[in-house]
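First up is the structure itself, then whatever we jot down about it.
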Amino acid sequence: RLSKRLEMIAEQVPAGSRLADIGSDHALLPSYLAERGTIVRAVAGEVNPGPFEAAGKQVRSSGLDHIIDVRRGDGLEVIAPGEVDVITIAGMGGALIASILEAGQAKLDGVSRLVLQPNVGESLVRAWLLEHGWTLIGERIVEEDDKIYEILTAVAPEPGDTAYTRVYEPLLFSEETTADRDVLLKMGPYLTREASPVWVKKWRSELEKLEKICAALSQSDLEASKQKEREFRREMNRIEEVL
Ligand code: SAM
């Protein structure tokens, strides 16, 4: 059985896809999708020797080596241009996911969908997608073992596409929220609209963390600390306005 998190990622992969799962660890996601017949081919990429070995074992022992090719390498260097339609990158920080996409841009030609699950730093992933013309088409949020995960699905840039206008702007100019671009990149345009209990819980707990930091900063007489506290307070106000 897959974790709820991986299951939700799997749901975002369309039937008939050729998949690359980057940072595949034990290749659980491609194995699950191959067993169900969802994907026709997969590359499981791993940069580290331990997980690379584990992925190979998993794929061989489940007899899926005719579908899944386990390859060792950094980020998208394990795939050839045009080899896959969908790329999943899950379970790492947003900064790393964005840097893998940035370094691998030449491999994204022909890729129609990205399914990304940053553990932290979601805003860096949304900002990368926006800057490179990828349209965010959906966001999911899930709580499992006291952790909250976000899953971002994006489709490839199209000529003349204005992802920003369609996805972000309607919220920026709506009467319901006073969100600005940066706070929406953090909190997620779809998740903000949906305002699910898990998402509210996530941001309430972020606010609590920021409150603790501010309380600690307020003990100090240093101008730099006061400055930092003012910044955090402004940030908290912006989050509260959206919640
Ligand atoms: N994707 C799986 C999941 O979501 O359950 C595994 C997540 S695991 C926490 C992150 C994996 O990414 C590790 O196995 C690590 O070796 C791999 N990794 C980290 N940086 C990578 C990179 N630049 N290229 C390929 N794999 C990488």
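The values are calculated or read from the model by the stated rules, or taken from the named source; none is laboratory data. The model shown is predicted, which means the values in this text are computed figures rather than measured ones. Cβ coordinates were reconstructed from backbone atoms using ideal geometry, including for glycine residues, and neighbour counts include every protein chain displayed.
The table for this structure:
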{"item": "Residues of the stretch 58-74 satisfying the condition of being assigned to a loop (DSSP other than H, G, I, E, B) and closer than 22 Å to T38 by Cα", "result": "S62, G63, L64, D65, H66, I67"}
{"item": "Among the candidates E102, E77, residue that is within 11 Å of the ligand (Cβ to nearest atom) and part of a helix (DSSP H, G or I)", "result": "E77"}
{"item": "Where G93 falls short, out of the listed (1) under 22 Å from I141 (Cα atoms); (2) crowded, with 21+ Cβ neighbours inside 10 Å", "result": "(2)"}
{"item": "Test: residue in the stretch 159-173 that is assigned to a helix (DSSP H, G or I), modelled with pLDDT under 95 and closer than 22 Å to I9 by Cβ", "result": "yes"}
{"item": "Residue within the stretch 224-237 that is touching a residue at least 24 places away in the same chain (Cβ under 8 Å) and not β-branched (V, I, T) present", "result": "yes"}
{"item": "Qualifying residue in the stretch 177-199 (condition: over 30 Å from I87 (Cβ atoms), out of contact with any Leu (no Cβ under 8 Å at 6 or more places or on another chain) and modelled with pLDDT under 95)", "result": "yes"}
{"item": "Scan of the stretch 44-60 for residues that are within 11 Å of the ligand (Cβ to nearest atom) and aliphatic (A, V, I, L, M), ordered by number", "result": "A44, V47, A54, A55"}
{"item": "Qualifying residue in the stretch 24-32 (condition: away from the ligand (no atom under 12 Å from the Cβ) and closer than 21 Å to E144 by Cβ)", "result": "no"}
{"item": "Tabulated pairs, the stretch 38-51, first touching a residue at least 60 places away in the same chain (Cβ under 8 Å) and not assigned by TED's automatic domain parsing to the domain that holds E77, second more than 6 Å from the ligand (Cβ to nearest atom) and part of a strand (DSSP E or B), C-beta under 8 angstrom, 6+ apart or interchain", "result": "none"}
{"item": "Members of the stretch 213-243 found to be part of a helix (DSSP H, G or I) and more than 27 Å from the chain's Cα centre (by Cα), listed by number", "result": "C214, A215, A216, L217, E223, A224, S225, K226, Q227, K228, E229, R230"}
